[in-house]
1. Please specify each residue of region B:244-264 satisfying the condition of being more than 15 Å from the chain's Cα centre (by Cα) and either buried (at least 22 other Cβ atoms within 10 Å of the Cβ) or modelled with pLDDT of 80 or more (or both).
2. Quickly run through region A:16-37 and pick out the residues that are at the interface with chain B (Cβ under 8 Å from one of its Cβ atoms) and more than 17 Å from the chain's Cα centre (by Cα).
3. Would you confirm whether any residue within region B:256-263 is within 24 Å of B:GLU329 (Cβ to Cβ) and among the β-branched types (Val, Ile, Thr)?
4. If B:ALA313 passes every condition in (1) under 30 Å from B:GLY383 (Cβ atoms); (2) of a type in the set (Gly, Ala, Ser); (3) buried (at least 22 other Cβ atoms within 10 Å of the Cβ) but one, which one does it miss?
5. What do you reckon, is B:GLU329 acidic (Asp, Glu) and within 30 Å of B:VAL285 (Cα to Cα)?
Amino acid sequence: MFRQGNNDALALIYSDHSKKLYLYGLKLTSNRTVIEDSIQDLFSDLVKNRKNLGDTDNIHFYLIKSFKRKLQRQLQKESRYDLNSKVEDFIFDITYSIDHELINKESADQRMSLLSKALNGLSPRQKEAVYLKISEELEYEQVAEIMEISIESCRNLISKAIKSMKDTLHPKAFGFAVILRKLFTSGQ
Amino acid sequence: MDAEKYIDFNVTEDFILDEAFVSWVLHPGNEHDQFWVSFVHDQPEKETLIRDAALIIRSLQPIEPEVSQEQLDKIMIRIKNRDLPKFRAVHLLMKYAAGIALLIAVGGLIWLTINTKSKFPLEVVNTPVQKGKIILANGLVHEFDTEQTTIKQSATGNLTINNDTIKNLASEKKMEMNQIIIPYGQRSDITLSDGTHIWLNSGSQLSYPTEFLGKTREVLLSGEAFFDVKHNPEKPFYVITRELKIRVLGTSFNVSAYDEDVTAQAILITGKVTACKNKLFAQTVDMVPGERLTYEKSSENILKDKVDVKLYASWVNGYLIIENMPITEVLRKVQRYYNQDISTGEGLEKITFSGKLDLKDDISEVLANISFASSVSVSENNGTFNVIK
């Protein structure tokens, strides 16, 4: 519809995706100006090139991918002008809901705080991969493309992250003993 | 959904990495709720796996920072008006030009114009006027004496001056020119029938048609005005001053063309315009945002340079931002704005002033600021100010 030149379709795509893009951007940089510029660029290009757009069945993936590329280019440019700011390659600034509330009232607080600790122990790249896979509901291939890594290492990043979280919920015998001892000593 | 598939899931990860499962956890819905309830009922040994998986998925959900709809709308407006500069420039403008840049639709076409005639049919009233006036095409004159006057011209011919509406008398469709005269000490903002918004500075005159019927939209200006031109590629907008002719499709820019000044200037804020001398076969000059075009009356030369646009648009918001301007020029601006005589002593030409003058203050405060910043002395004698070195 949009490719045929319908501007309402642009507005629709924009209202569906702009906020998500903005929020993703905020995890990569705190510079809102750069985020806004990149979103503007992204959609302007979309308008300009709409006749040449291929059939994307997943516009969300296409937008995230192009947005990240524009954002990074912009951040590099900025850092060139501003000697005080350097581009940190791997930041992924995300606050998990678990840090603020108990998600599941049935589970013990113990498990929640362990889970929270595990989450915050994830590397920035793990956080990003998991975020794209689970919160943005993208496929492995798409996450890999966005992060510019192989599908194999993408799978590894994610499965290691999830395993580390799962293990805190069901610690193996040794780990469990350590935790028990810790609890015991801290209780004294 | 396929229950068979999930029977083979033996570890928590299997569920966490299953798109349909994730989608259910994040967006639960009746139909899927039923599926999972009956699945757990049939496969009770999977319950722990499913609970853990759901817990982990939910704990991974971020708490998002604030992004307001307003912020998103602002970006959308800028996307629709593709040629506008990006936010950095706009933030600047919003501060200094009342946020108008957001309303502007801009066309990117540049056209070479050849002036066929040097004409400036505006009869500039040179005798000082005390009250603001609008002279209608039918000869009627309406006066106003508010310091800031808002004028609105509708396409139906109705004219509104500060909420008073004057009904259209003429019935036939023809180009009729109205002329607005703003005395020194007053300002006005005018909305034309096409939606173009113009801020007229003190001591300026503008002549415009009640309705734009021809192939072009033309207004005549003497003095200084800030234009926020409504985009219309079919009907280019021309600002014609005694010396310059500026062609635009839709943009915002400032024109200063007082008869008593030695130069006429146009400063482009956003969009693209072409300008040329108001002469036969004059060569045109393209302008890009941030550029100033200066016409030197004595040499008839046109010069172009880059300037800080906020310095030129600031008067629209009621203050003047000045950087390194000869103090005599600053005083001339102040004199116009307040309609007060200011006499100057010798040797002031070489002294410059930089700073921000709030035009809501009264003139003695403004002059006191200038005196302080530029080390000149100001005295008042029977309502006349005297500035000396």
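The values are calculated or read from the model by the stated rules, or taken from the named source; none is laboratory data. Computed from a predicted structure; not experimentally measured. Using ideal geometry, Cβ is built from the backbone for each residue, glycine included, and neighbour counts are taken over all protein chains shown.
1. In the first step, residues of region B:244-264 are kept if they are more than 15 Å from the chain's Cα centre (by Cα); the result is B:244-247, B:256-264.
Hits for region B:244-264 are B:LEU244, B:LYS245, B:ILE246, B:ARG247, B:SER256, B:ALA257, B:TYR258, B:ALA264.
2. Correct list: A:THR33, A:GLU36, A:ASP37.
3. yes
4. (1)
5. Numbers: acidic (Asp, Glu): yes; within 30 Å of B:VAL285 (Cα to Cα): yes.
Considered against the rule, which asks whether it is acidic (Asp, Glu) and within 30 Å of B:VAL285 (Cα to Cα), B:GLU329 comes out as yes.
Listed here are the residues, each with its yes/no results for (1) closer than 18 Å to B:ASN201 by Cα; (2) of a type in the set (D, E, K, R); (3) surrounded by fewer than 18 Cβ atoms within 10 Å (Cβ to Cβ).
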{"site": "B:VAL285", "(1), (2), (3)": "no, no, no"}
{"site": "B:ASN301", "(1), (2), (3)": "no, no, yes"}
{"site": "B:LYS304", "(1), (2), (3)": "no, yes, yes"}
{"site": "B:VAL334", "(1), (2), (3)": "yes, no, no"}
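Quick grid of which residues meet (1) within 22 Å of B:TYR184 (Cα to Cα); (2) β-branched (Val, Ile, Thr):
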| residue | (1), (2) |
| --- | --- |
| B:GLU296 | no, no |
| B:VAL334 | yes, yes |
| B:TYR338 | yes, no |
| B:ILE351 | no, yes |
| B:ILE363 | yes, yes |
| B:ILE370 | yes, yes |
| B:ASN381 | yes, no |
| B:LYS389 | no, no |
